[in-house]
Amino acid sequence: MEIERQKHFGAEIEKKISQLKEQLAENDPVGDPVSPDNAIGRLSRVDAMQVQAMRLALVRQRREELERLQQALRLVAAGKYGTCNGCGEDIPEKRL
């Protein structure tokens, strides 16, 4: 892949990294543990625990995506972004 295209993708990757970091920095009380002392009722407590589990899964997914994007940015810096590690051929831009 040409250097100019790699730089273009690098800028897009940096933008997405910034967005993910902002999302991860948000302090969402939904991720806090559900206290057993909280008298919200049994069904409400189960619902709160389910919401908490979904929120924690979302945070985990965002962290994994952030790691993948940071790896892609390292490849851009090395001039290897967009090239298949196995065969050395260019990866079609639609897949990137």
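Any read-out appearing in this document is the output of simple, stated calculations on the displayed coordinates, not a laboratory observation. Predicted model only: the values in this text are computed from it and were never measured. Don't worry about glycine lacking a Cβ; one is built from the backbone with ideal geometry, like all the others, and counts go over all protein chains shown.
If the reach is capped at under 15 angstrom between alpha carbons, list the aspartates and glutamates near Lys21, excluding any in the same chain fewer than eight residues apart. Within the straight-line limit of under 15 Å, Lys21 reaches these aspartates and glutamates: Glu12, Glu64, Glu65, Glu67.
A Förster radius of 35 Å, combined with the Cβ-Cβ distance separating Glu67 from Glu4, puts the computed FRET efficiency at roughly 0.85.
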